[in-house]
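Down below is the structure, laid out as structure tokens.
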Amino acid sequence: MNPKGNQTARRKDKSKRSSLVTHTVYVDRKRTTVRLEPVIWHTLQGIASEQEVRLHDLVSTINRNRIASSLTSAIRAYVVTYLIAQAPPEALPRHLFS
């Protein structure tokens with residue numbers, strides 16, 4: 001096997017790595033992992049802090065109320081919905097209100 005070939009393959013693998021970051025959370029006392037973009041994760045932490053709830057409790061609530069197929073999708077939808085609700089109406093695209 002050619003060592004240089006392995007190095008090239010590893011470099012290609014690194015370039016294909018996801019920007020998602022894995023985090024461990026407890027959903028209704030059960031440990032699970034979610035893979036989210038850092039901006040979504042940080043925003044979720046900020047929402048939990050603003051609402052004065054533990055992150056695990058917020059994620060558990062999101063999980064119980066989700067209609068999305070996965071917990072990560074439900075978290076993303078929750079964050080976007082929360083941010084839209086906080087934004088002044090004039091800052092939002094008109095199609096959101098039709």
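Quick note: the coordinates plus some simple rules give every number you see, no bench work behind them. The model shown is predicted, which means the values in this text are computed figures rather than measured ones. Quick reminder, even Gly has a Cβ in these numbers, built from the backbone with ideal geometry, and neighbours come from all protein chains shown.
Computed from the alpha carbon atoms alone, the convex hull of the range 37-98 holds 102 Å³ per residue. Each Lys or Arg adds one and each Asp or Glu subtracts one; over the other residues with Cβ under 11 Å from the Cβ of residue 27, this totals +3. For residue 27, the residues 5 or more places off, or on other chains, whose built amide H falls under 5 Å of its own are 32. Taking other C-beta atoms within 10 angstrom as a stand-in for reagent exposure, 23, 95 fall in the order 95, 23, fewest first. For the range 56-71, 3J(HN,Hα) computed residue by residue from phi via the Karplus equation (6.51, -1.76, 1.60; θ = phi - 60°) reads 4, 5, 5, 5, 5, 5, 4, 4, 5, 9, 6, 10, 6, 6, 9, 5 Hz, glycine and proline entered as x.
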